[in-house]
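The values are calculated or read from the model by the stated rules, or taken from the named source; none is laboratory data. The shown structure was predicted, so the numbers you read here are calculated from the model rather than taken from an experiment. Positions of Cβ are backbone-derived with ideal geometry, glycine not excepted, and every protein chain shown enters the neighbour counts.
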Amino acid sequence: MFLRISGVQDSEGISFGMSHKKLLTILVPTFNRLGFLVRLLSSLESELCGLEADVHLVIGDNGSNDGTAEFVKNFLAKNPFVSSFRLESNIGPDRIFLELFSRVKTHYFWIISDDDMPRQGLIGKLLQKLYTIRPTLLYLESYWAPNIYEISMPRLQELELESFEMLDYARKINIRTTFVSSWVVNSLSMRSRGVGLVQIEEGLGTSLIQLGWILPLLCRASVLIASKEPCVFATLGNSGGYQQLRTFGVNYPKFVQESTRGNRKLELALITTYLYSYLPRVIYSSRRGATVFQGMQSERHALLNLIPALYRYPVFWITCFPLLLMPRPWLRFFHSALGYFRSAI
């Protein structure tokens, strides 16, 4: 157990101590992925042994019908520091995140998707850093693989962190602001800035509800921290059913524009790197895939949706627009040339 110091204030000047008996809430949303959930909870059970006084674990079952409810019931019986809730039917990823967020009563919270996994040795060291550094946002680097259970990486011996100025942080993270399992968030900083359920609900239906708390804190945070090495194992290619091109090609830039209104430098820092490194891969994969543009009626429909969201960025016309128009046989050449250009700069 870690020593709690009464009366300390965090970087935002918010009281930090006796009013919050536990420091961190870990939130686990799940839906019909019992195999993933069993492995994640088994890992968390081991990692949290001896840390129960500092951490609250909440499992949110989004209406699973694959045996998840019975497994969670048995898991809770063995682990009294864990709580759970189960919905009658699936309400979608955005709303289950909101349901989980509404249950946070600690200084920090961390949502971990059921198909992701914290690195062994991370949580105890994370708690130590939260007690001493008290960041507004902490980004944990991720390691992506099709099967995270085959990753061979030694137990984390030291959680090394680095701090960033806002624009450098935005350039480093950009599209990874959307990867929920990487973010440990200061809930009291959110409330001190008036970021609550009402404001976050504006993002319902985007599949990016997490940006409703990450971007407002990024815009005005005084302490921005990231880990130096991978701390979260993330399952590659498990999108959860959202429409990738609409989510990341249309909803993401709109979210950034609205959240950074009045701070053009921050907007460009978040968007420009994403237009160089991420969105071209999404378009390329979509056009070469069998479904072409999932969730959109045609390539023309996709084009008409992307232009209003991205026309204001010159790099869009260089890196993405050609991929939308050129014949499929040319796609690989252009995409390879773009990759070479990225590596050169």
ILE96 - would you say it is β-branched (Val, Ile, Thr), more than 26 Å from SER207 (Cβ to Cβ) and buried (at least 18 other Cβ atoms within 10 Å of the Cβ)? no
Sort out which residues of the stretch 153-166 are part of a loop (DSSP other than H, G, I, E, B) and either in contact with a helix residue (DSSP H, G or I) (Cβ under 6 Å, 6 or more places away or on another chain) or within 20 Å of ILE123 (Cβ to Cβ) (or both), and write them in order of number. MET153, PRO154, ARG155, LEU156, GLN157, GLU158, LEU159, GLU160
Checking the condition among the aliphatic types (A, V, I, L, M), loosely packed, with under 15 Cβ neighbours inside 10 Å and either part of a loop (DSSP other than H, G, I, E, B) or modelled with pLDDT of 85 or more (or both), which residue from ALA290, ALA309, ALA269 passes? ALA290
Would you mind stating whether GLU158 is surrounded by fewer than 20 Cβ atoms within 10 Å (Cβ to Cβ), on the phi < 0 side of the Ramachandran plot and in contact (Cβ under 8 Å) with a residue 60 or more places away in the chain? no
Give the residue that is surrounded by the most Cβ atoms within 10 Å (Cβ to Cβ), with candidates limited to residues of the stretch 244-266 that are under 21 Å from LEU325 (Cβ atoms) and not hydrophobic (A, V, I, L, M, F, W, C). GLY249
Suppose the filter is among the aromatic types (Phe, Trp, Tyr) and surrounded by fewer than 16 Cβ atoms within 10 Å (Cβ to Cβ); does TYR149 pass it? yes
Have a look at SER239, SER222, SER207, SER181 and point out the one that is assigned to a loop (DSSP other than H, G, I, E, B), of a type in the set (S, T, N, Q) and either modelled with pLDDT of 90 or more or in contact with a His (Cβ under 7 Å, 6 or more places away or on another chain) (or both). SER207
Identify, from the list TYR169, TYR149, TYR131, the residue that is out of contact with any helix residue (DSSP H, G or I) (no Cβ under 9 Å at 6 or more places or on another chain) and either assigned to a helix (DSSP H, G or I) or polar (S, T, N, Q) (or both). TYR131
Checklist (1) outside any helix (DSSP H, G or I); (2) free of Cβ contacts under 8 Å to residues at least 12 places away in the same chain applied to VAL195, failing item: (2)
Out of all the residues in the stretch 312-345, which are modelled with pLDDT of 90 or more, of a type outside the set (Ser, Thr, Tyr) and outside any helix (DSSP H, G or I)? ARG312, CYS320
Of residues in the stretch 65-92 being touching a Leu at 6+ places or on another chain (Cβ under 7 Å) and not in a helix (DSSP H, G or I), the one modelled with the lowest pLDDT: PHE81
